[in-house]
1. Within the group ASP135, ASP115, ASP152, ASP85, which residue is outside any strand (DSSP E or B), in contact (Cβ under 8 Å) with a residue 60 or more places away in the chain and of a type in the set (Asp, Glu)?
2. Might you check whether a residue that is in contact with a helix residue (DSSP H, G or I) (Cβ under 7 Å, 6 or more places away or on another chain) and in a helix (DSSP H, G or I) occurs anywhere in region 177-194?
3. Name every residue in region 124-144 that is open to solvent by less than 30 Å² (accessible area, probe 1.4 Å), within 24 Å of THR4 (Cα to Cα) and not polar (S, T, N, Q), in order of residue number.
4. Step by step: first the residues of region 95-123, then only those that are among the charged types (D, E, K, R) and surrounded by 12 or more Cβ atoms within 10 Å (Cβ to Cβ), then the one that is nearest to LEU77 (Cα to Cα). Which residue is that?
5. Residue by residue through region 3-22, note down the ones that are open to solvent by 90 Å² or more (accessible area, probe 1.4 Å) and outside any helix (DSSP H, G or I).
6. Name the single residue, out of those in region 192-206 being modelled with pLDDT under 95 and closer than 22 Å to ASP159 by Cα, that is least open to solvent (accessible area, probe 1.4 Å).
7. So, in region 53-91, how many residues would count as being over 18 Å from the mean Cα position of the chain (by Cα) and open to solvent by 40 Å² or more (accessible area, probe 1.4 Å)?
Amino acid sequence: MAKTDFKNDRKDLYAPPRGRFVEVTVPPMTFVAIDGQGDPNTSDDYRHAVEALFAVSFAAKFISKRELDRDYVVAPLEALWSAKDPAAFVRREKNKWSWTVMIRQPDWLSSSVIDQAQHTAERKRLAAAPLVRCDTFEEGLSVQALHVGSYDEEGPLIDQLHRTYLPAHNLRPNGRHHEVYLNDPRKTDPAKLKTVLRQPVVAHGG
C-alpha cells in the first residue's frame, strides 16, 4: 500500500528556503482545528488542543487504512496566529496571542470519517476532543520562509517580512500569520527546530 506524505508531495509548501522569502500559491486544504488564546507554553487549553488534534488525526489515519485501503503520514501540526497588535509577535508577548491549531487531512476523507475519528478521541476522555472541528482554508498567494531554531527567535524574520519584503513587493497581509511545525519540539533540540513561517498576502489595491 503506497503511503501519501504531504511534505514530500508538496515541497513548495513544506520546504521553503531557510531565511529567504518566496511566494507560493496555497490551494484549499482541509484541517481538523481548535481555536483558543494565550501563551502556548503555559496554556493547558493549548496543550489539550494539540493532544486532541493528534488523537483525531491518528484515528482518521487508521480508519482510512482499514476501510479505504489508503494510508498516509499524519501531517505536521500547524497554527494560525493573530493579535490585536501585530507587534506582539515581534515582542513575543504570547499572552496576547489568539491561535487556531490544526492538522491537515487528506482530501479523500469524508466528514463521516472525521466524525468517527472524533468520537474515538472523545471516548478517550480527552478534554478538547469535543472542540475539534473540520474546516477548509484557502490562503492563495502567500509569502513564506523556513526558520531554523527556537520559536522565540522567529521575531526578526517576521519583522523583516512585514517591514521589508512586503513593502518592497507592493504586498500587504491578507490573513493570519501561519506556522507549520516540521518537527516535534518534545524530541528536538530547540536550535534544530524547523518552522515554516507563512503569510497570506494580496497586492496593494487588490
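1. Answer to the selection: ASP152.
2. No - not one qualifying residue is present in region 177-194.
3. Scanning region 124-144 gives VAL132, GLY140.
4. Among residues in region 95-123 that are among the charged types (D, E, K, R) and surrounded by 12 or more Cβ atoms within 10 Å (Cβ to Cβ), the one nearest to LEU77 (Cα to Cα) is ARG104.
5. LYS3, ARG18, ARG20
6. ALA203
7. 12
Here's the yes/no breakdown for (1) in a loop (DSSP other than H, G, I, E, B); (2) open to solvent by 20 Å² or more (accessible area, probe 1.4 Å); (3) touching a residue at least 12 places away in the same chain (Cβ under 8 Å):
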| site | (1), (2), (3) |
| --- | --- |
| THR25 | no, yes, yes |
| ALA33 | no, no, yes |
| PRO40 | yes, yes, yes |
| GLU51 | no, yes, yes |
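The values are calculated or read from the model by the stated rules, or taken from the named source; none is laboratory data. Here the structure is a predicted model, which is why all the values come from computation and not from measurement. Because the Cβ atoms are built from the backbone with ideal geometry, glycine has one as well, and the counts that use them run over all protein chains shown. All accessible areas refer to the heavy atoms of the entire protein, side chains included, with ligands and DNA or RNA removed. Shrake-Rupley method; radii C 1.70, N 1.55, O 1.52, S 1.80 Å.
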